[in-house]
1. Select from A:G270, B:L277, A:T55 the residue farthest towards the positive end of the dipole of the protein assembly as shown; place +1 on Cβ of Lys and Arg, -1 on Cβ of Asp and Glu, and compute about the Cα centre.
2. Setting aside same-chain residues fewer than 8 positions from B:K9, which lysines have a Cα under 21 Å from its Cα?
3. Starting at 0 and stepping by 10 Å, how many percent of the alpha carbon pairs of chain B end up in each bin?
4. Could you pull out which residues in region A:170-187 have an amide N less than 13 Å from a spot 7 Å beyond the Cα of B:K262, following the Cα-Cβ vector?
5. Among B:P53, A:L205, B:A134, whose Cα projects farthest towards the positive end of the dipole of the protein assembly as shown, with charges put on the beta-carbon of Lys, Arg (+1) and Asp, Glu (-1)?
6. Once phi is turned into ³J(HN,Hα) by the Karplus curve 6.51 cos²θ - 1.76 cosθ + 1.60 with θ = phi - 60°, what whole-Hz value does each residue of region B:201-214 show in order, with x for glycine and proline?
7. Grab the alpha carbons of chain A, take their convex hull, and tell me the volume per residue in Å³.
8. Filter the trypsin sites (Lys or Arg not before Pro) in region B:79-116 to those in DSSP coil with at most 12 other Cβ atoms within 10 Å of their Cβ, and list the result.
Amino acid sequence: MAGELPFEKPLNELQRKIEELKKFGQESGIDFSDEINRMEERCKQLQEELYNELTPAQKMHLARHHGRPTSLDYIGEIFTDFIELHGDRLFADDLAIVGGLAKLNGVPVTVIGHQRGKDTKDNIARFFGSPHPEGFRKALRLMQQAHKFGRPIITFIDTKGAYPGNTAEERGQSEAIARNLREMAMFGVPIICVVIGEGGSGGALALGVGNRVLMLENAIYSVISPNGAASILWKDASRADEAAAVMKITAGDLMEFGIVEEIIEEPQGGAHRDLAAQSETIKEAIWRHLGELSKLSSEELIADRYNKFRKIGQYRAPKPEAELMVDEIESANV
Amino acid sequence: MFKDLFHKKKYATIPSGQPRTKPDIPEGLMSKCPKCGNIQFSKEIEKNLKVCPGCGHHFRLSAWERIAMTFDEGRLAEFDAEMESVDPLGFPGYANKLEAQKKSSGLKDAVITGEGTIGGLPVVAAFMTFDFFAGSMGSVVGEKITRAIEQAHAKKLPLIIFSTSSGARMQESILSLMQMAKTSAALAKFQGDGGLYISVMTDPTTGGVSASFAMLGDYNLAEPGALIGFAGRIVIEQTIRQKLPDNFQTAEFNLQHGQLDKVVHRKELKATLAKLLDMHSDKGGIINGG
């Protein structure tokens, strides 16, 4: 099977054997149905064992699977009437980010996402989904538009990170990311972000300041790629699997930290096994959250988003004095 | 002549009488400039605001050195002095490394925040320090900076952040990344209400810190020669397969490419800050409607 991941090998082998046996049975006229049934039973069991208990590293490999659906795949399935819009009006049109207008169940929205290429040529044109400043600035322009016209913003996060190049630095990679973080905090429209593949560092976060952050079951999201972490920790980038295990990069981890509101289930074996089904579950989740958020006013949306990010972080500190005083007054009243 | 080529000269060893001893110089008396290589009295460099008298190289300052140089009489009313990092991920080696960093630096984490005056004008400021965990931003740095922004907002005071950081702290992974969003959102509120924020980038300001609050000043200043950028030089060289010029990602490079308002020599820094503050103090308070 194309794009087979190492940990899937025993399963695929079994599936191949079943196919062979079926074929042989047909050709020879011998009845193997008992044998086949038994093998299929075993296959199902193996599938469950394999996919229900994926390690963080295995999820990382699924998130990076070359056949994994991209932003444009989902946009095509989830929305109608997509009109792609181009350019940052300052320098160029960065194809590592796509965006535009579309309708979700008939409601106009702005949709933006990182875009990996489908093949080598496409990947080169799209810088493997790693944006330059002009990409982040295009996204910002489209979000400002959405804010002006009162449209919800939906973003798809799928990047290894911002492009590490000299021209990106010259044009202000840091400033472009920083500005998006600040501006996204103040848009008075619902923002829903969906991590669909790999969420890598600042380049991912620059589309990630949402009222709701949803994450596909096998997607990952971290401050540095596990390969980068491995090269810092052990001076060996090839130990990414080990780094993935310690970095808490899975949807479940992020939900525990209060960063992700919902984990969106994937078809067994990963999103690439069934684009239509996956798109349907993503659509359902976006629509449901949008319904909740559309009850809030602009001010409430901004406050809701601010409070979400304001709370994130773990540290040890004595209670501020002001709070102590309130506590004392309250206990005095009791 | 030709034979000499194969003839190895022989040297005799003559004992010099006394064994050579190291010159008797106390540790730390002399300092070597990492840029021009000149060896000078540490005291001379210190008197010169830790700038090399020879080549003008700006040595890195600790937070407390910076505070002493910046605030009137070096006086700071510190915020959140007791806040400490925890190990939220159970990351291998993090807890031990934190303890070691605390011991070697005498600090609790990589930023000190508080209130003071510059040229008689009150400000809230954050002073990052490279000598704690390479100035990396985890939950504590993000939270202390966010609280400093909120203090400036509540007290209607200007805000100055002196940045020096290798970026987000890997050992707190996604929590570190989210501090970028948290601090930037707090700035959005503060600046949106008319708050004045001056960002001073010092060597080095990179990664998650340059890509959040450091680049968001109403005025972006930097010290000469400071390294400022998002991605690391080695990573970029591997990507583009070319050597980068020496001045790549320096303050001067950033100035040339439009990312900074001004590169300010350390000798001029306090006066420049005082002047900027003064030009925003006409309304009595700094914030609109204040």
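Read-outs throughout are calculated quantities, based only on the coordinates presented, and are distinct from any laboratory measurement. In this text the structure is predicted, and so the values were computed from the model without any measurement. Cβ coordinates were reconstructed from backbone atoms using ideal geometry, including for glycine residues, and neighbour counts include every protein chain displayed.
1. So the residue furthest toward the plus end is B:L277.
2. Within the straight-line cut-off, B:K9 pairs with nothing.
3. All Cα pairs considered, the percentages come to 6, 25, 31, 20, 8, 4, 4, 2, 1, 0.
4. It comes to no residues whatsoever.
5. About the Cα centre, the residue reaching furthest to the positive side is B:P53.
6. 9, 10, 6, x, 10, 9, x, x, 7, 5, 8, 9, 4, 4
7. Expressed per residue, the convex hull around the Cα atoms of chain A is 201 Å³.
8. The qualifying sites: there are none.
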